[in-house]
Amino acid sequence: MINFKYPHKINIANIPSPIQKVTFNGKGFWIKRDDLTGLEMTGNKVRKLEFLLADAKRKKADLIFTCGGEQSNHARATAFAGKSLGFDVKLFLWGKDSPKADGNLFLNKVIRTDLEFITRKEYADVDQIMEQQKLQFEKLGRKVYIVKEGGSSELGVWGYVNAFQEILNQKGNNFNSILTASGSGGTNAGLLIGAHLFNKRIKIIGINVLYTAEYMRNRTLELVERTIKKFNLKIKLDEKLLEVIDGYSTEGYKNINHDKINIIRDFAGQTGILLDPAYTGKAFCAYNELFLNNNSKTLFIHTGGIFGAFAKKMNYLD
Ligand SMILES: Cc1ncc(COP(=O)(O)O)c(C=O)c1O
């Protein structure tokens, strides 16, 4: 193991999350239940928020900004985690408001989160939009802390360095690869840094669901490089340890096709575990096609997102 020190964090995630053996279509494999890291704060984002909100506290912020799609799990987790820690939270959401809001959007409204809806085009400049508003709020005496898309920053990635370490200490740990959905890249970046810090040649496999595979690969590797630099880590990135597999979100981030829904429904019926339509459902379809066999050496991480299923109810039923 390479010598390193974790940044300061607060404890808001239910971790370690279990690794369970489940059987799908007669084949037994291992799944890490990061959907059990919390309820309102379910999923991978809360691991990143442990570090990010600790930093926000240390910097004496009183208002958190973050962004995502209108059904963003990250935005919802940030709203719940942030508010419960005494911050105000404002979300910049790409999409439309609706009085019939369901899933994550509904939950954000329940806790009276400040929401601003922007178009997909505007979302391309969401970092600038948040920076501009930060200046405006700071003129009014507020102290704003910006959490980047998906919490995927040099600090947020530590959540998945920590998860990697957890995996090494858990049963069934002779994996040669770990597969997750990849949206903003922080989960894969953290796992990849973990593999280097703990000297394990475990391949990190991302299934891109929102951006192109090429963009995701570059974004993830750049984030790893920036983190190595920022924290002065004594590792040299081996790019071969990251694989991004394309082709499992061709219907688009906000959509899911019927074949995938059928796999999600069969999987839920056979294992008791529900996958979400934007991330884990698509990632599992890749796992099912490419890696599922008895005692597969590829660990599947369920990164949460269950509330997204409620927003897509009609797709789930015949
Ligand atoms: C449920 C779920 N799984 C996976 C991801 C992807 O994680 P990351 O953004 O770190 O790539 C996200 C968020 O983007 C998510 O909400």
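Values quoted throughout were computed directly from the atomic coordinates according to the rules given, and no laboratory measurement underlies them. Treat the numbers as computed from the prediction; the structure is a model and nothing was measured. Counting neighbours? That spans all protein chains shown, and the Cβs are built from the backbone with ideal geometry, glycine included.
Close amide-amide hydrogen proximity is noted between residue 146 and 65, each under 5 Å apart and 5 or more residues distant or on a separate chain (H modeled in the peptide plane; Pro and chain starts excluded). Springs between alpha-carbon atoms under 10 Å, Gaussian network over the chain: tell me which of 69, 206, 28 tops the mean-square fluctuations. Comparing 69, 206, 28 in a Gaussian network model of the chain, the most mobile one is 28.
Residue by residue, the range 257-268 carries 3J(HN,Hα) couplings of 7, 5, 4, 5, 4, 4, 5, 4, 5, 4, 4, 5 Hz when phi is fed to the Karplus relation 6.51 cos²θ - 1.76 cosθ + 1.60 (θ = phi - 60°); x denotes Gly or Pro.
When 316, 145 are sorted by how many other C-beta atoms sit within 10 angstrom of their C-beta, beginning with the fewest, the order is 316, 145. Helical content alone sets the calculated 222 nm signal of the chain at -12000 deg cm²/dmol, taking -39,500 (n - 2.57) per DSSP H segment of four or more residues and averaging over every residue.
As a proxy for reagent exposure, 210, 292 were ordered by neighbouring Cβ count within 10 angstrom, fewest first; the result is 292, 210.
Each residue in 138, 166, 116 was given a count of other beta-carbon atoms within 10 angstrom of its own, and listing them fewest first yields 138, 116, 166. Charged neighbours of residue 176, selected by a Cβ distance under 9 Å, balance to +3 (K, R count +1; D, E count -1). Per the Debye calculation on the range 46-151 with a single equal scatterer at every Cα and no solvent contribution, log₁₀ I(q)/I(0) for q = 0.12, 0.17, 0.19, 0.22 Å⁻¹ amounts to -0.35, -0.72, -0.91, -1.21.
DSSP finds beta bridges in the chain, and of those with both partners inside it, around 15 percent are antiparallel.
Distance from the alpha carbon centroid of the range 172-245 to that of the range 281-297 works out to 19 angstrom. If you wrap the tightest convex hull around every Cα atom of the chain and split its volume per residue, you get 123 Å³.
Does the range 102-199 come out rounded, prolate or oblate by the C-alpha gyration tensor, with a ≥ b ≥ c the root eigenvalues, rounded set by a/c under 1.5 and, if not, prolate when a/b is larger than b/c and oblate if not? Cα axes put the range 102-199 in the prolate bin. Taking 22 Å as the limit for the C-alpha separation, the pairs 90/134; 100/143; 27/254; 121/230; 143/230 exceed it in the case of 100/143; 27/254; 121/230; 143/230. If R0 is 51 Å, the Cβ-Cβ spacing of residue 271 and residue 132 corresponds to a FRET efficiency of close to 0.65. All other residues whose Cβ lies under 15 angstrom from that of residue 203 are scored, Lys and Arg at +1 and Asp and Glu at -1, for a net of +2. For the options 97, 35, 125, a Gaussian network treatment of the chain with springs between C-alpha atoms closer than 10 Å singles out 125 as fluctuating the most.
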